[in-house]
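My questions all concern the structure below.
The values are calculated or read from the model by the stated rules, or taken from the named source; none is laboratory data. If you're wondering where the values come from, they're calculated on a predicted model, not measured in any experiment. Every residue, glycine as well, gets a Cβ built from its backbone with ideal geometry; the counts of neighbours run over all protein chains shown.
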Amino acid sequence: MKTMCSREQDVLAAQRTGTWTDELRAHLAGCGDCADSLLVAGFLQEAAETAEAPVQEPGFVWWKLQLRARRDDAARALRPVILVERAAMAALGLGLVGCIAWMSTEAAMAAIALGVLSVAAGSVVWFAWSRN
Ligand SMILES: [Zn+2]
């Protein structure tokens with residue numbers, strides 16, 4: 001079983017009060033137990049200081065809530081615009097492919113265009129719904 005160093009309390013007290021003696025410093029340099037204790041004490045002190053952070057001002061909290069509400073409103077307002085954008089993109093894609101199919105007189109070109117049309121229509125629909 002590990003036994004704690006007898007100087008541990010002296011080291012921690014020195015850390016708290018800032019009263020280090022040369023002898024204690026020399027001991028700390030060669031004592032792993034005291035070095036560990038000092039490290040843990042530092043973490044605990046830091047955590048305690050963080051927990052004591054001042055409570056947020058009511059005005060600041062209100063401002064943050066306002067900002068969040070405004071952001072939510074903006075996202076809601078944009079939703080129909082995004083839908084129309086998707087529909088327009090789908091129409092444009094279909095129209096382009098339709099034009100190409102209409103302009104090409106050869107049967108092979110029409111077949112290719114039909115294939116492209118199917119792929120484009122599929123991908124447009126997939127694109128429109130995948131961004132939901
Ligand atoms: Zn020690």
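Which count do you get for residues in the stretch 39-52 that are in a helix (DSSP H, G or I) and either of a type in the set (A, V, I, L, M) or more than 15 Å from Leu12 (Cα to Cα) (or both)? Reasoning before the result, please.
Here is the first cut: in the stretch 39-52, the ones in a helix (DSSP H, G or I) are 39-51.
Restricting the remaining residues to those that are either of a type in the set (A, V, I, L, M) or more than 15 Å from Leu12 (Cα to Cα) (or both) gives 39-41, 44, 47-51.
Looking only at that region, the number is 9.
Just for the stretch 5-31: of the residues that are hydrophobic (A, V, I, L, M, F, W, C) and touching an Asp or Glu at 6+ places or on another chain (Cβ under 8 Å), which one is modelled with the highest pLDDT? Don't jump to the end; show me each part of the working.
Here is the first cut: in the stretch 5-31, the residues hydrophobic (A, V, I, L, M, F, W, C) are 5, 11-14, 20, 24, 26, 28-29, 31.
Retained after the next criterion (residues that are touching an Asp or Glu at 6+ places or on another chain (Cβ under 8 Å)): 5, 24.
Details: Cys5: 90, Leu24: 95.
Within the stretch 5-31, the match that is modelled with the highest pLDDT is Leu24.
Restricting attention to the stretch 60-93, and to residues there that are touching a helix residue (DSSP H, G or I) at 6+ places or on another chain (Cβ under 8 Å) and without any contact (Cβ under 8 Å) to a residue 40 or more places away in the chain, which single residue is surrounded by the fewest Cβ atoms within 10 Å (Cβ to Cβ)?
Taking the candidates together, the pick is Met89.
May I pose another question? When you scan the stretch 68-83, do you find a residue that is modelled with pLDDT under 85, more than 26 Å from Trp129 (Cα to Cα) and away from the ligand (no atom under 16 Å from the Cβ), even just one?
Within the stretch 68-83 (the criterion being modelled with pLDDT under 85, more than 26 Å from Trp129 (Cα to Cα) and away from the ligand (no atom under 16 Å from the Cβ)), the answer is yes, since at least one residue qualifies.
Next question. Please go through (1) modelled with pLDDT under 75; (2) within 13 Å of the ligand (Cβ to nearest atom); (3) outside any loop (DSSP other than H, G, I, E, B) for Lys2 and return the number of the only condition it doesn't satisfy.
(3)
Shifting gears a bit: How about the stretch 39-64: which of its residues are modelled with pLDDT of 80 or more and out of contact with any Leu (no Cβ under 7 Å at 6 or more places or on another chain)? Show your work before the answer.
Of all residues in the stretch 39-64, those modelled with pLDDT of 80 or more come to 39-42.
Within the stretch 39-64, Leu39, Val40, Gly42 qualify.
Are any residues in the stretch 5-38 part of a helix (DSSP H, G or I) and more than 13 Å from the ligand (Cβ to nearest atom), and if so, which ones? Lay out the reasoning, then the answer.
Restricting attention to the stretch 5-38, the residues satisfying the condition of being part of a helix (DSSP H, G or I) are 8-17, 22-30, 32-38.
The answer is Arg16, Thr17, Asp22.
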